[in-house]
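Scroll down for the structure; my scribbles are underneath it.
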Amino acid sequence: MDANSFLSQYTSGKRNFQGAILHQAQLTQAELTGVNLSEADLSGADLSEANLSKSNLSRANLTNADLNGANLQGANLSEVNLIGADLTRVNFQETNLSRADLRAANLTSANLLGANLSEADISGADFSSANLQKANLIGSNIEESELYDADLTNAIISEPEMTEEVLHIGLSHTWITWAGSY
């Protein structure tokens, strides 16, 4: 499916595009609120500044996609593949990223307030200046992640992920809600 056909169908009211193939599609600034793109191939797609709030992208392939400045607030991205994706300044507020693969993704200045990153693989991802307030990081692989100037206030994280060898930064335990200490 090409990008023009996809956008035309969306504009006509269609919302279910499960399994669609939109490899390298140009969807910059597209209005796609509530779209179902679960299991879709969006690898290499340009979704920069697109509005995908409340959408379903579970199990989608977004390898090396550009989502710079996109809005994914309240979206379902469980088990999504975002390896190497540009997620700079993306709004992931209250987004489900459980079991997502974010290895080597760029999340600089991303808003992950209240996001669910449980069991996600975020190894090697760059969270510099990201907002991770109230984010659930239980069971996540954060090895070699860059968290410089990231806000982890009230983030929920288990102690094994917080070892100095993993994070390479010093964090005060007063900023964190430790798993099991509710």
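The values are calculated or read from the model by the stated rules, or taken from the named source; none is laboratory data. Since we're looking at a predicted model, the values are computed, not measured. What goes into the accessible areas is simple: the full protein's heavy atoms, side chains included, and nothing from ligands, DNA or RNA. Shrake-Rupley method; radii C 1.70, N 1.55, O 1.52, S 1.80 Å.
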Mean accessible surface per residue for segment 1-157, computed with a 1.4 Å probe while every protein chain stays in place, in Å²: 40
How long are the semi-axes of the equivalent ellipsoid of the chain, defined as square roots of 5 times the Cα gyration tensor eigenvalues? Whole Å, largest first. 30, 14, 13
For the chain, modelled as a GNM with alpha-carbon contacts under 10 angstrom, which of THR153, THR95, THR11 fluctuates the most? THR11
Hey, could you grab the Kirkwood Rh for segment 36-115? Inverse mean 1/r over distinct alpha carbon pairs, Å, one decimal. 11.6
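Output the relative contact order of the chain, whole-number percent, from Cα pairs under 8 angstrom with separation of 6+ residues.
Working: 599 pairs, mean separation 20.1, N = 182.
About 11 percent, as a whole number.
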Report the Stokes-Einstein translational diffusion coefficient (µm² s⁻¹, integer) for segment 47-86, Rh taken as the Kirkwood radius over Cα pairs, at 37 °C with viscosity 0.692 mPa s. 329
Run the accessible area of the chain with a 1.4 Å probe and give the carbon-and-sulfur part as a rounded percent. 43
